[in-house]
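> First the structure, then my questions, so here it is.
The values are calculated or read from the model by the stated rules, or taken from the named source; none is laboratory data. Model, not experiment: these values are computed from the prediction. Cβ coordinates were reconstructed from backbone atoms using ideal geometry, including for glycine residues, and neighbour counts include every protein chain displayed. Remember, those area values only see protein heavy atoms, side chains included, never the ligands or the DNA or RNA. Shrake-Rupley method; radii C 1.70, N 1.55, O 1.52, S 1.80 Å.
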Amino acid sequence: MAVNFTPVQTLPTSAARAVATFTRDGERWLAIAQMSKDVAGEVPYMNGGDSNVDALFYRWEAGAKAGEGAGAFTLAERLSLPGGEDVEHFTIGTREFLACVGIRTGSGPYDLNTHAVLYERLHGEWREHQRFEVFAGKQWRHFEIDGRHFLGLAQGVTVEGPVARHPDQSCVFAWNGERFEPFQATGGRWGYNWAHIAHAGKHYVAYADHVSGSRIFRWNGSQFETLQTFDEPGGRAFHFFVDGQTLWLVHANLLSHTTLYRFDGVQFIATQTLDGAGGRELCEIPASRPGAPRYLLQVRFITGTPKAPEPVQQSVLWQWRGDGFDALAWIDTFGGTDASTFDIDGERYVVVTNSLDADVRFRVDSVVYRFSG
């Protein structure tokens, strides 16, 4: 089946690391975390630059011209987020929240001991609701189990030099009705990503870690129990999905390959290797109608090393065939970090964040695509 990724708009970003999409009062928004900006005269280095950057908020404006479309995103708000790695939008009842986290502050030397902030939308603006001490923060993920709200925090590094003054293990926080309080440490020391799914009456949470072993947890009613551990280094992202009665899992590993697993009721069994090194994030593009294909976009970040990275990659669109995936299309990405999909006026869009250009500079556009397939 033919598919098309048609670029309809570029968004001027700098080291974009994550994108969250949401609606408010019927309007579509994009929130993008940025990690760094270029410093004039500085030798290009993917972990360099100036951390003093903002998270960007784009609002869809109907009628604005973007490529061949009838609308476009316009920059509407900014929010200080030094060393930004993630923005997670969620609601609890009628309350609207935004969890933000950055990996560092400064412009060299850097401090990886930072404060992640939970904002609440009040009176037309984001107001600080709660602050957390974090170390090399990478991602927040909100999930709900039996009416209880949780936030998973992926954080930490184990490189020589930085010293943790703040808590450095990845962990889960639980909502007590007004604030999130520490609930359970997961043991990860270099965390990147969380994923959650409910299946057959049980809840599963996946956690990706670069050095401590990526893990699958199962909720037992009072805590998260380790179900399975993937010992290989380089874990970056997980994605669950259900086809028929079967639970499937995709694991992106930056250092080796992306793998498809099938759950046999006891553990996840590897069934297919999807691609080589460089995988950073996974974005499912839902079927447009019953019986239509399921797609998965594998966002590729870099190959090589941090000192000699190759950020120009081809991210892969995979089509589900019932027992595995087939590679269907490729798009050029530049230090690709994240993707999100949404519908506007019956059209499907995918936004992909880029973080490094071919010269390892941070100033590189992220791209909004119209998707058809």
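> State the volume of the convex hull built on the alpha-carbon positions of the stretch 122-249, expressed per residue in Å³ and rounded to an integer.
135 Å³
> Using R₀ = 22 Å, calculate the FRET efficiency as 1/(1 + (r/R₀)^6) where r is the Cβ-Cβ separation of I145 and E120; round to 0.05.
E between I145 and E120, to the nearest 0.05, is 0.50.
> What number in nm² do you get for the stretch 211-264 if you take the convex hull of its Cα atoms and divide its surface by four?
The directionally averaged projection comes out at 4.3 nm².
> Pull out the extension gain between T158 and S256, defined as 0.36 nm times the separation in residues minus the alpha carbon to alpha carbon distance; nm, one decimal.
Length gained, T158 through S256: 33.3 nm.
> For the stretch 78-152, compute Rg over Rh where Rg is the Cα radius of gyration and Rh is the Kirkwood radius from the inverse mean 1/r over Cα pairs.
Expressed as Rg/Rh, it is 1.01.
> I've got another one for you. Using +1 at the Cβ of each Lys and Arg and -1 at the Cβ of each Asp and Glu in the stretch 238-373, identify which of P293, A308, F371 lies farthest towards the dipole's positive end.
Of P293, A308, F371, it is A308.
> Calculate one ³J(HN,Hα) per residue across the stretch 158-165 by plugging θ = phi - 60° into the Karplus curve 6.51 cos²θ - 1.76 cosθ + 1.60, and present them in order as whole Hz with x for glycine and proline.
Result, rounded to whole Hz: 10, 6, 6, x, x, 10, 7, 9.
> Report the Cα-based extents of the stretch 52-113 along its three principal axes, largest first, to the nearest Å.
Result, largest extent first: 45, 34, 15 Å.
> Which number do you get for Rg(Cα) / (2.2 N^0.38 Å) in the stretch 317-371?
Cα-based Rg divided by the globular estimate yields 1.36.
> Based on alpha-carbon atoms only, what is the radius of gyration of the chain relative to the globular estimate 2.2 N^0.38 Å?
After normalising by residue count via 2.2 N^0.38 Å, the value is 0.93.
> Quick one: what are the phi-derived ³J(HN,Hα) couplings along the stretch 217-231, Karplus 6.51/-1.76/1.60 with θ = phi - 60°, whole Hz, x for glycine and proline?
10, 10, 6, 9, x, 9, 7, 9, 9, 5, 9, 7, 10, 9, 7
> If packing is taken as the average count of other Cβ atoms within 10 Å, what order do 111-117, 226-232 fall into, highest mean first?
For the peptides 111-117, 226-232, the packing ranking is 111-117, 226-232.
> What order do K307, K138 take when sorted by accessible area (1.4 Å probe), most exposed first?
From most exposed to least exposed: K307, K138.
> Given charges of +1 on the Cβ of Lys and Arg and -1 on the Cβ of Asp and Glu, with all other atoms neutral, how large is the dipole of the chain about its Cα centre, in debye to the nearest 20?
260 debye
> Rounded to the nearest 0.05, what FRET efficiency do S288 and E77 give with R0 = 25 Å and r taken as the Cβ-Cβ distance? Could you check?
About 0.20, to the nearest 0.05.
> In the calculated pair distance distribution of the stretch 18-160, what percentage of Cα-Cα distances lie above 18 Å?
Of the Cα pairs, 60 percent sit more than 18 Å apart.
> Report the per residue volume, in Å³, of the convex hull enclosing the C-alpha atoms of the stretch 172-238.
Taking only Cα atoms, the stretch 172-238 has a hull volume of 94 Å³ per residue.
> Could you tell me which GluC sites (Glu not before Pro) in the stretch 146-252 are loop residues by DSSP with no more than 12 other beta carbons within 10 angstrom of their beta carbon?
Passing sites in the stretch 146-252 are E160, E178.
> Order the peptides 200-210, 285-295 from the highest to the lowest mean number of other Cβ atoms within 10 Å of their residues.
The peptides rank, most packed first, as 200-210, 285-295.
> Determine which residues of the stretch 334-357 fall in the zone a paramagnetic label at E61 would reach in this model, i.e. backbone nitrogen under 19 Å from the point 7 Å along Cα→Cβ.
Under 19 Å, as judged by backbone N against the label point of E61, lie 344-345 of the stretch 334-357.
> With a 1.4 Å probe and all protein chains kept in place, how do T259, T303 rank by accessible area, largest first?
Largest to smallest exposure gives the sequence T303, T259.
> Please work out the Kirkwood hydrodynamic radius for the stretch 243-330, using every pair of different C-alpha atoms, and report it in angstroms with one decimal place.
13.9 Å
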